[in-house]
Every structure is written in C-alpha cells, then in structure tokens.
Amino acid sequence: MPTVTRGGPQHIPRPAGVRPGAAAPWADLAPGERQVDLEMLRDRIRNRSRPQEPASSRRLSAVLIPLYTHQDELHVILTRRAAHLRTHSHEVAFPGGGREPGDADLWETALRETHEEIGLDPAAAVPIGELDPFFTVGSDSLVHSYVAELPAGRPGGLRPDPAEVEKILQVPLRDLLEPDVYRQELWPRDGTMRPINFFEIPGDTIWGATAAILRQLLVIAVEPPAR
C-alpha cells in the first residue's frame, strides 16, 4: 500500500519550551464508537445551551462548518488558504471572515464569506446551530462558528476563489477520529501553558483555531467519557 504523507506546507510558529498536551478526548473509545451520526449530532447541537458570548472583542468574525453525507459518511468542508496571502498562507481553515456593515447578522457573514471563497450556494446551507465563540489572539477576533447541513451527496458547483483559497478539502469526520491523527501541544505564553490542537491529515495539518473548533464539534458528536 502507498505511504500516506500527513502534514502540510504551512509554517507553524512553534515556540521554545513546547510540551506534549492531553490525549484525544475520544482516545478511549472503541473503533465502533468513533462514528458520527448526523441526526444525533444535529440533536446534540440544538439541545445545547446557547453559547455564552465573551464581554467584548474588537472584531467579529464568523465561519461556516458545512457538513454533508456522502456514501453514508459524514464529511466536513474546509479550505486551504492561498500561498500568496501575507498571513496564514497554506493554512487549513473553515470558510469565513469578518463581519461587514451590510451583513444582517453573523450567520449571514458566514454564508456570504463561504459563497465568496468556495462558491457554495447560501440557500443550500441549513443551520443546525452554533458552537462556542472562539477568541483568536493573533487577529484579536471573536469567531462565531455555525454548523450547517448541506443536501446529501457530494456538493456540486464548488470552486475555490484563487484570491483566497488554494484548495477545497472535503474530509470524512471519521478520519479525524482515527488514532494518531489528533494531538495537543502546550505552548508557553504570558506565563501559562496554552493548549494548541492539531489534526494531521494527508497533505495538510489542521491546527490553531480551526483545530480547536473541530475538536469541539467532534467531542459533541461522540460524547467521549470524561478523562
């Protein structure tokens, strides 16, 4: 069998003093328990208490977490950012961006940005719910993450905007739950050790805010036992 090369071309600014972090929350689950059922995930997200929003942030952003079922397998759509971008080039991210004055709300921000970046028809995305807001230190932005369901089957008509996106990734959620795909590192910052999450997939590394959002989604999906 061909060797699968994991990890991607992006630069990860790993500081000195990094230590290993916690194991995957789902590490103790049996293979048969590492399954993501869309109906169950939908119910769990909708039954969660409304995410509590931090007091303030200079910038509001929103990302879309588009999910679809193909051949009985639940997939998530991600993007690899274009190589020529001044910041975060080659990094894997959810489609999304900053709120603009014309956006009615942050859900509309997520839909608009997703349409601009990958050509997804906003009418195809049915909202499931919102995960906890995530604050990004580097951009001083509060990111709202909206989970959306797309029609069953591999989405058609997607095209990356070359100004922002190098590649569209369509990743089975089950692959992210496989052993040795997820890891956590502790990075020193301001006198504390800050957990940084990583998913190593063929050809790419998902890390930082995107990995933290994915981790939260997967914890909700499989409800692993408390560690």
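The values are calculated or read from the model by the stated rules, or taken from the named source; none is laboratory data. None of the values given here were measured: they were computed from a predicted structure. Cβ: placed from backbone, ideal geometry, glycine included. Neighbour counts: every protein chain shown. The protein model used for the area step is the full one, side chains on, heavy atoms only, and it has no ligands, DNA or RNA in it. Shrake-Rupley method; radii C 1.70, N 1.55, O 1.52, S 1.80 Å.
Percent of accessible area on the chain owned by carbon and sulfur, 1.4 Å probe? Working shown, then result.
Working: 5910 of 11830 Å².
Using a 1.4 Å probe with all protein chains present, the chain comes out at 50 percent carbon and sulfur.
Here the calculated FRET efficiency for residue 33 and residue 154, from their Cβ-Cβ distance with R0 = 30 Å, stands at 0.70, rounded to the nearest 0.05. Close amide-amide hydrogen proximity is noted between residue 129 and 147, each under 5 Å apart and 5 or more residues distant or on a separate chain (H modeled in the peptide plane; Pro and chain starts excluded).
Tell me what the chain gives for mean residue ellipticity at 222 nm when only DSSP H runs of n ≥ 4 count, each as -39,500 (n - 2.57), the sum divided by the residue total, rounded to 500 deg cm²/dmol. Walk me through the numbers before you get to the answer.
On the way: 4 runs with 41 residues, N = 227.
Computed mean residue ellipticity for the chain: -5500 deg cm²/dmol.
3J(HN,Hα) along region 175-183, derived from phi through the Karplus expression 6.51 cos²θ - 1.76 cosθ + 1.60 where θ = phi - 60°, amounts to 5, 6, 8, 5, x, 6, 8, 9, 8 Hz, with x in place of Gly and Pro. Relative contact order for region 151-221: 18 percent, from Cα pairs under 8 Å spaced at least 6 residues apart, divided by residue count.
In the context of the full set of protein chains, residues of the chain present 52 Å² of accessible surface per residue (probe radius 1.4 Å, heavy atoms only). Taking 0.36 nm per residue of separation and subtracting the Cα-Cα distance, full extension of the segment from residue 71 to residue 12 would add 17.8 nm.
Inter-label distance, residue 47 to residue 19: 3.7 nm, where each label sits 7 Å from its Cα along the C-beta direction.
Find how much the distance from residue 40 to residue 175 grows on full extension, using 0.36 nm per residue of separation minus their present alpha carbon separation; answer in nm with one decimal. Write out the running numbers ahead of the final one.
On the way: separation 135, 0.36 × 135 = 48.60 nm, distance 1.83 nm.
Stretched fully, the residue 40-residue 175 segment lengthens by 46.8 nm.
Counting only DSSP beta bridges with both residues in the chain, the antiparallel share comes to about 80 percent.
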